[in-house]
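Before any comments, here is the structure.
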Amino acid sequence: MNHAIARAEFEGINQKGISSETEIRTETITRAKQGKQSLTTSEIDILIKRFGSPKNKEGLYVEAVVFDTLDDFTKNHSRVHVDNFHKELATWFCNDQIKSALAESLAPVKLENSENDSSLFHRDEIDLHKSKKWLDKYLREADYLEWYEECQRLIKDFDSNTTNTNHSSEIKLPILASGPWSKVNTYSKLNFLFALGYLIEIVKPDYSFSNNQEYIYPSTVHTLSPVVITGDIVYSFSGDEIIKSELKETVENPLGNGFSGKDYLRSDDLDFGMDRTISFKHISYVQVDLYLNSKMDYRLLITVDFHKSFVIKIINPLHVLEECNKIRKYFSATEHELFTLKQGIAEKGGYIPGAIVL
């Protein structure tokens, strides 16, 4: 609005004239100028068409999950990760090609030779439809459920054993070979079968190999928002400052830290030529940048594993040092006096609590 008024005054048009040309009420123009009322999208479009668009400050464009405060981020970061992990896991297992490849790989049901059907030459030919039905049934019966619970117990014990002397990053899942599973070669598919148990127990209890399904994403999954961050970086730190072995596991593997040292399920492990991977990896890298713009507003950009971005909109300038140390502590970087941050703030004319300005 301020741009439109300034442009109109240059052309010799007052606010009443703006109202006459744009059919925006004079009262609306006055209140918008005073910051007491927001313009509608259609009103903004009209003003831009007539008076042009004001130039924004140069900035960095990112697509990120946006939080109002740092406390909101620390409280919800793990939840965001887990919800998106559930989304990725369900989408992966609901894929028809994944279902067919897994059913074919396990192949619980084979076709029999038939004198009435000369097209069946081999006893090891797979009945894919019946194999899927078989999996739907026996993934919910005692033999599988007892095996899944045993795997959970072993992983939980592994994760809680901080004095583990095996120097191993994972446990070896027990073989699933009891009851009807004794006739199925599950050895190389144990990770998939355990992940399926988690999916059915936690994420999608109605999961079915036989039926086409879509996963309804939980409302708590945070979507990415387009963001332009203006200003300059006055402080940053990265994973280079953190010893990797000491990087805080702020987001744990929902399946358990002892599950699969490979940290992924990979579709080409099913040998059907489709390259899709679902990752369970922990945070391995973090980059934190604090921006200060011309209005003396602070914004925090957190980049995890080089591609996941989070933006914190509100950083109290009176507590900016404490907030930066809070995020350092969250990612297990050592706290310090943040001398470089104070230098950066001073160069941009910002307020440094406790500093004498001469």
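The values are calculated or read from the model by the stated rules, or taken from the named source; none is laboratory data. Quick caveat, the model's predicted, so the values are computed rather than measured. Cβ atoms come from the backbone with ideal geometry, glycine included; neighbour counts cover every protein chain shown.
What to note about this one:
- Residue match in segment 234-241 (condition: crowded, with 19+ Cβ neighbours inside 10 Å, closer than 30 Å to residue 352 by Cα and modelled with pLDDT of 90 or more): yes
- Some residue of segment 47-55 being touching a helix residue (DSSP H, G or I) at 6+ places or on another chain (Cβ under 8 Å) and under 30 Å from residue 212 (Cα atoms): no
- Sub-8 Å Cβ pairs linking a first residue in segment 296-314 that is closer than 12 Å to residue 286 by Cβ to a second residue that is surrounded by fewer than 16 Cβ atoms within 10 Å (Cβ to Cβ) and basic (Lys, Arg), at least 6 apart or interchain, are 305/281, ordered by first then second residue.
- Positions within segment 51-67 being surrounded by 11 or more Cβ atoms within 10 Å (Cβ to Cβ) and either under 24 Å from residue 229 (Cα atoms) or modelled with pLDDT of 85 or more (or both), in sequence order: 52, 53, 54, 57, 59, 60, 62, 63, 64, 65, 66, 67
- Sub-8 Å Cβ pairs linking a first residue in segment 24-43 that is without any contact (Cβ under 8 Å) to a residue 12 or more places away in the chain to a second residue that is part of a helix (DSSP H, G or I), at least 6 apart or interchain, are 25/19; 26/15; 26/16; 26/19; 37/28; 37/31; 38/32, ordered by first then second residue.
- Taking the conditions (1) modelled with pLDDT of 70 or more; (2) assigned to a loop (DSSP other than H, G, I, E, B); (3) among the basic types (Lys, Arg); (4) within 27 Å of the chain's Cα centre (by Cα) in turn, residue 248 satisfies each one other than (1).
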